[in-house]
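The values are calculated or read from the model by the stated rules, or taken from the named source; none is laboratory data. Note that the structure is predicted; figures quoted are calculated from it, not measured. Every residue, glycine among them, receives a Cβ derived from its backbone with ideal geometry; neighbour counts consider all protein chains shown.
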Amino acid sequence: MPEGRGSRIRSANPELRPGAPKRPDGLRAGADLLDQAAAADDKAAGRFAEARVDSTPFGISPQARELAARWSAALAAREAEARVLGDATSDLAGRLRMAAESTRSTGFRGRLAVAP
Amino acid sequence: MTSVGEVFEHPALTAAASRLSALRAAAGRLGVQDPVAALRHLDCSPASISTSASAVDTGALVVTSAQAEFRAGVDRAENGGSAETFGTWADTVDGQYSAAARAAASTAALGVRIAERLDELAVSAAAQVSALASAASASVDAVLAGDRSAEVASEVSAACTAVVRAVQEKVAALTGLAAELEPLTTPVVQLS
């Protein structure tokens, strides 16, 4: 998979740039998909939490305990990452909904000066 | 062997402990290091670690599918006229998805390798100590029959020391695995 999602921000084609006339339905549909992604992030965090094991399977030697401690730290790091992604994704979904709402309530069809 | 053997998490070590039972008894008579106790330092459950690594792998796949949904959502939003700043933020979060997916896949792969390596260490140690016990069996039998001559006592003692050393060498190999794991112990994605 290529790095990055191929943002349209720098596209030379104005039709493909964000800032095109706002369509609240499109913003809401985007927000719905982001909510699904956030739910998947929570699910991933749950899987990483389920992966936890105590130190016993690694052994009782100091070296084994150190290995177990690092495995535990790695699992905690993966879980934290998934939760950060979930929060960031939910935040973006919320911003899209706010933008959709403000477009609907004001009848604004141009570009908002502030994100999203 | 009629006595109830010691049970270890790793079956190869349970079998090895059974083969060391006579050496252990002789060591007890002579007051030297218990070779079966030494094996405890290498006991492990690679299957439990494999299960853990498998759960991490599942989590990694879920992160990848979450990223696909994230990208689809961002596309819809951009088609719906989201602001440029939204696109910039989305690019940042997308990069974080990629980094998190890579870290999770790496963690899962290393977990699999740790389980395999622990298994190898236990199996090879079991074979090694069984051979040591077998090589000393004549002296072990002599000690158990009441012989306390320097020659047989020395051979039994040397076999026990060799078992302890073999276990220590295997245990030392765990340090390298811990070093490999270290870079994965901190989150690659942080709250900004």
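Data for the structure
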read-out: Pairs, first at pLDDT 95 or above in the stretch A:77-99, second among the small types (Gly, Ala, Ser) and surrounded by fewer than 19 Cβ atoms within 10 Å (Cβ to Cβ), C-beta under 6 Å, six or more apart; value: A:79/A:49
read-out: Complete set of residues in the stretch B:133-146 that are aliphatic (A, V, I, L, M) and free of Cβ contacts under 8 Å to residues at least 40 places away in the same chain; value: B:135, B:138, B:142, B:145
read-out: Residue match in the stretch B:28-41 (condition: aliphatic (A, V, I, L, M), within 21 Å of the chain's Cα centre (by Cα) and over 30 Å from residue A:74 (Cβ atoms)); value: yes
read-out: Residue satisfying all of: in the stretch A:16-69; of a type in the set (Ser, Thr, Tyr) and modelled with pLDDT under 95; nearest to the chain's Cα centre (by Cα) among these; value: A:55
read-out: Subset of the stretch B:1-36 [surrounded by fewer than 23 Cβ atoms within 10 Å (Cβ to Cβ), over 19 Å from residue B:155 (Cα atoms) and either of a type in the set (Gly, Ala, Ser) or touching a helix residue (DSSP H, G or I) at 6+ places or on another chain (Cβ under 6 Å) (or both)]; value: B:1, B:3, B:5, B:6, B:7, B:8, B:12, B:15, B:18
read-out: Among the candidates B:64, B:161, residue that is of a type in the set (Val, Ile, Thr), surrounded by fewer than 17 Cβ atoms within 10 Å (Cβ to Cβ) and out of contact with any strand residue (DSSP E or B) (no Cβ under 6 Å at 6 or more places or on another chain); value: B:161
read-out: Pair list, Cβ < 8 Å and 6+ apart or interchain, from the stretch B:48-73 residues that are more than 22 Å from residue B:87 (Cβ to Cβ) to residues that are part of a helix (DSSP H, G or I) and at pLDDT below 95; value: B:48/A:56
read-out: Options B:102, B:148; residue that is under 30 Å from residue B:70 (Cβ atoms), surrounded by fewer than 19 Cβ atoms within 10 Å (Cβ to Cβ), over 19 Å from the mean Cα position of the chain (by Cα) and more than 10 Å from chain A (Cβ to nearest Cβ); value: B:102
read-out: Residue that is surrounded by the fewest Cβ atoms within 10 Å (Cβ to Cβ) [pool: residues in the stretch B:37-61 that are in contact with a Pro (Cβ under 6 Å, 6 or more places away or on another chain) and over 15 Å from residue B:12 (Cβ atoms)]; value: B:48
read-out: Which listed residue is under 30 Å from residue A:48 (Cβ atoms) and in contact (Cβ under 8 Å) with a residue 40 or more places away in the chain, from B:167, B:189, B:163, B:93; value: B:189
read-out: Qualifying position, being closer than 30 Å to residue A:29 by Cβ, over 34 Å from the mean Cα position of the chain (by Cα) and at pLDDT below 95, among B:85, B:92; value: B:85
